[in-house]
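S.K.: Encoded as structure tokens, here's the structure I'll be asking about.
All of the numbers you see were taken from the coordinates with simple rules; none came from a lab. On a predicted model such as this, the values are computed, not experimentally measured, just so you know. Note that each Cβ is placed from the backbone with ideal geometry, even for glycine, and that neighbours are counted across all protein chains shown.
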Amino acid sequence: MKTVLLAVNSKYIHSALSVWLIAAGVEKFARFRHDICVVEATVHHEVREIAGMVAELEPDVVGISVYIWNVSILPELLQILRNRLPNVIIVLGGPEAEFNTEYWLSQGTEAVLAGEGEHTFPAFLDGLVEKLAPAPYSHENGFIDPYTETYLKTLKGKLAYLETSRGCPFRCEFCLSGGKVEQKQNYNGGVKFFPMELVKSQILKLINTEARTIKLVDRTFNCDIVRAYEIFEYILSLDTEICFHFEVRPDLFDERTLLLLADAPAGRIQFEMGVQSFHKPALDAVSVNIDVQKAEHNIAKLLEKGNIHLHLGLIAGLPYERLSDFQDSFDSAFNLGAHTLQLGFLKLLYGSALRSKADSLGIEYSRMPPYMIKNSPWMSEDDFAVLKKTENALQHTYNKQRFMRTLKYVLEAADIRPFSLFLALGEAVPNHGMQLETYAGHIYEFFAKLPGIDENDLCDTMICDWLTMVKGKNMPSALKKSGFKPGADILSDVEKKLGHKPSRGEAAVLHSGEVVFVDSTKRNPVTGLYQLGFRELFAGRCV
């Protein structure tokens, strides 16, 4: 069968591991020869353009991976494909199809496949040839390597994805990763671990591509800490500049692994951690059994050396967590000092346990992707509007590593809670595509009015932030009012320190009497910020 496997990614920099995995599964497991072609597009393509990419190949079968980010375009895409390829067989897979089968069958698809696609899809194709109902293949050695030469060539400048385990031992009720997999063959406690030899060989293949980051798709990578240690140890032994991104539970690290990670090269490791909440009734309500105290301890240890980027996630809208409770969770999470604090909103996903009982709990949510919560007995629509304003400020400052010194200064000088500060900033200066220079000026004006803020100290702090976070951009006019511009003699002194001639935009004289300058050739691999230097000013010269 001539078959197109179609992936519609959310961004160009993403690559679709699933379709390449299925293609490799057909090659390895199918009993008949099938002509497989992978097509990758993004949601930013016109739907007719995507359909054209498929139709020009004149396939007999089209398999489409359906996820929350591409499901909204699918009805139109199916209609166009039906018009252009009236005899084509369309089959869907992925969570958005698997848990809403009846709907998609009513939309004109021939089949919706559940389970492990590298087994179910080749069985489906063979069934078409044999005119039989497909039965998924079962293999004791069912592990395959999707990283063909063709696939590896597509990864230039993109995120590369790697799977070393499948499933999850936990039962978080807002998630699809746990729950059913423990009943599948070759799964141990809800998780299927891939052979270590295969994992290491795939890592070697990926580090020799031009991918920027290797993101492991394992739902809880460190659920087996002994196995995680071996993979961490292997990655840290490699001679590579590629960054590895893991989704982990912070409370599952042991001291041995923390010691290993403390010596990781800066920027080699990124961790994404979903703490979700610090409000125990909310955690209990969605079956999240995280040890919060141990999580806090481990996060502090991981941040200690400044060599690992940490992304911490909260979910707003969990049952039994009111706005005041969430404010406490936000402050607790922020004070841990992770590099990114994601303020996410509860999504009621098809197939999740929480969606099945949302109505009985009184949770209202959008029936359109991404199925975002609207209100509940614990949070009103007005409460979520407050959180949206807070998220706006958080995303455009802290989570982009912008104005980091300034935020620290204002929080201390104004004696204000983190949540209160970001909410106030989001209300006063909402950012919806504002130019950074304009945004910085508005931030200065807003912060300058807060109690306890010294305008000169604020100005100096924001100048330092501006130099360290941008390259070659003019300083906002609000920060130039001191008129302290570095003269030729100061720039000459700075040049001796840097080893290269700085521009006037790379140095400034502060109200404190110091000269601050930036080395725009040196960037912190963890934060992405440029390196600053300081010199005291005496008799018009740096000392």
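S.K.: With the cut-off at 19 Å, tell me which of the pairs Lys156/Lys473; Lys388/Lys449; Lys215/Lys389; Lys496/Lys522; Lys501/Lys522 have Cα atoms farther apart than that.
M.R.: Lys156/Lys473; Lys388/Lys449; Lys215/Lys389
S.K.: Between beta-carbons, use under 14 Å as the cut-off and find the net charge around Thr461, counting Lys and Arg +1, Asp and Glu -1.
M.R.: Overall, the nearby charge balance is -4.
S.K.: Okay, moving on. Computed on alpha carbon atoms, what radius of gyration and Dmax characterise the stretch 255-361, expressed in Å?
M.R.: When restricted to Cα atoms, the stretch 255-361 yields Rg and Dmax of 15.5, 49 Å.
S.K.: So what J values fall out for the stretch 394-401 if you push phi through Karplus, 6.51 cos²θ - 1.76 cosθ + 1.60 with θ = phi - 60°, rounded to Hz, Gly and Pro as x?
M.R.: My calculation for the stretch 394-401 gives 4, 5, 8, 10, 4, 6, 9, 6 Hz in order.
S.K.: Moving to a separate point now. So what are the three principal axis dimensions of the stretch 456-542 from its Cα atoms, in whole Å, longest to shortest?
M.R.: Per principal axis, max minus min of the Cα coordinates gives 37, 29, 19 Å.
S.K.: Between 0 and 90 degrees, rounded to the nearest ten: what's the tilt of helix 436-448 against the longest Cα principal axis of the chain?
M.R.: Tilt of helix 436-448: around 60 degrees.
S.K.: Also, quick follow-up: Below 8 Å, C-alpha to C-alpha, sequence gap of six or more: please give me the relative contact order for the stretch 368-467 in percent.
M.R.: Value for the stretch 368-467: 31 percent.
S.K.: Could you compute the net charge surrounding His432? Neighbours are other residues with a C-beta less than 12 Å from the C-beta of His432; K and R count +1, D and E count -1.
M.R.: Overall, the nearby charge balance is +2.
S.K.: Additional query: Considering the convex hull of the alpha carbon atoms of the stretch 179-308, report its projected area averaged over all viewing directions, in nm², one decimal.
M.R.: 8.8 nm²
S.K.: Also: Measure nothing but the geometry: give the 0 to 90° angle between the long axis through the Cα atoms of 404-413 and the longest principal axis through the Cα atoms of the chain, rounded to 10°.
M.R.: 60 degrees
S.K.: Next up: What list do you get for Trp466, Trp378, Trp69 if you sort them by fewest beta carbons within 10 Å?
M.R.: In order of increasing Cβ crowding within 10 Å: Trp69, Trp378, Trp466.
S.K.: Moving on. For the stretch 1-47, what mean projected area does the convex hull of the alpha carbons give, in nm²?
M.R.: 3.5 nm²
S.K.: Over the alpha-carbon set of the chain, divide Rg by the Kirkwood Rh and report the Rg/Rh ratio to two decimals.
M.R.: 1.01
S.K.: Moving on to the next point. Taking Cα pairs under 8 Å and at least six residues apart, what relative contact order does the chain come out at, in percent?
M.R.: Across the chain, relative contact order equals 8 percent.
S.K.: Taking θ as phi - 60°, what are the ³J(HN,Hα) couplings along the stretch 114-128 by the Karplus curve (6.51, -1.76, 1.60), each to the nearest whole Hz, with x for Gly and Pro?
M.R.: 10, x, 7, x, 5, 9, 6, 6, x, 5, 5, 5, 4, x, 5
S.K.: For a test of the definition: using alpha carbon positions, the gyration tensor, and the 1.5 limit on a/c, classify the stretch 349-391 as rounded, prolate or oblate.
M.R.: Oblate.
S.K.: Right, another one. Calculate the dipole size of the stretch 334-391 relative to its Cα centre from +1 charges on Lys and Arg beta carbons and -1 charges on Asp and Glu beta carbons; express the result in debye to the nearest 20.
M.R.: The dipole of the stretch 334-391 has a size of about 200 debye.
S.K.: Assign one of three labels to the stretch 1-132, namely rounded, prolate or oblate, based on the Cα gyration tensor with a ≥ b ≥ c the square roots of its eigenvalues; rounded applies when a/c is under 1.5, prolate when it is not and a/b is larger than b/c, and oblate otherwise.
M.R.: In terms of gyration-tensor shape, rounded.
S.K.: If amide hydrogens are placed 1.01 Å from N in the peptide plane, which non-local residues have theirs closer than 5 Å to the one on Ile269?
M.R.: Amide H neighbours of Ile269: Phe244, His309.
S.K.: What's the local net charge at Asp284, with K and R +1, D and E -1, over the other residues with C-beta under 14 Å away?
M.R.: With Lys, Arg at +1 and Asp, Glu at -1, the net is -2.
S.K.: Still on this model: Could you work out [θ]222 nm for the chain from helices alone, using -39500 (n - 2.57) per DSSP H run of at least four and dividing by all its residues? Round to the nearest 500 deg cm²/dmol.
M.R.: Value at 222 nm, helices only, nearest 500: -11500 deg cm²/dmol.
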